[in-house]
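Notes to accompany the following structure.
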Amino acid sequence: MIDKLTDNIQLFRKFIEEDDLDAFERIYKMYEKQLGQYAFQFTKSRFISDEIIQDVFFKLWLHRKSLRKDGNIKAYLYRMVRNRSLNYIRDAVQHEDLAEVLKKDALRARDQADDLVISMDLDNLMDSILERLPERKRNIYQLSRQQGKSNGEIAKQLGITIKTVENHIWEALLIIKKHVERHLYLILALLTIF
């Protein structure tokens, strides 16, 4: 056991000091499977585990000159795999959170657009119905419902009785109701589609 440990330390030193590619390949073959199984405990994915192992050994090669020559290669590699696996999980969770936020925003925007389209359709329908009303009924209805004036204010402004104002509003509402009922099926279809 001591000989194996000494061999591993010498192999590690050779890799660091001499940029020995053979030593690097031996280290890779020695630890690849163990590290893959260790990464799999975190990621639950063979593909991701393999990616992490490749990344760890790539970084090991890139940063070989900054490693301690007397360090424990096995502990170093396991720590790298653990950190990289935890980083992957953290990034995946953040990515999922971001994806969920973007999805909710897209759905909210779509719903707002749908509401706007339906509202515009209803507004257009209402405008169309109001255009068909006789001018006097339309003016009285608009003064009442769109401008918020009381029946007394409308009667005074137009020089008619309050009862006449009430009759015009009532008749306008009946006409509007009749036209809306005709389009009700269309409106309900729009609401269910969107």
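The values are calculated or read from the model by the stated rules, or taken from the named source; none is laboratory data. Bear in mind that the values here come from a model prediction, so they are computed numbers and not experimental data. FYI the Cβ positions are ideal-geometry reconstructions off the backbone, even for glycines, and counts take in every protein chain you see.
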Legend entry - Any pair with Cβ under 8 angstrom, 6 or more apart, that starts in segment 151-177 at a residue that is modelled with pLDDT of 90 or more and ends at one that is acidic (Asp, Glu): 151/166
Inset, instruction - Any residue in segment 28-54 that's in the same structural domain as residue 15 (by TED's automatic domain parsing): show its pairings with residues that are loosely packed, with under 13 Cβ neighbours inside 10 Å and among the basic types (Lys, Arg) at Cβ separation under 6 Å, as long as the two are six or more apart or on different chains. - result: none
Legend entry - Boolean, residue 175 is on the phi < 0 side of the Ramachandran plot, surrounded by 15 or more Cβ atoms within 10 Å (Cβ to Cβ) and β-branched (Val, Ile, Thr): yes
Inset, instruction - For segment 33-50, enumerate the residues that are touching a Phe, Trp or Tyr at 6+ places or on another chain (Cβ under 8 Å) and farther than 10 Å from residue 85 by Cα. - result: 35, 46
Legend entry - Qualifying residue in segment 66-77 (condition: under 25 Å from residue 45 (Cα atoms) and at pLDDT below 80): no
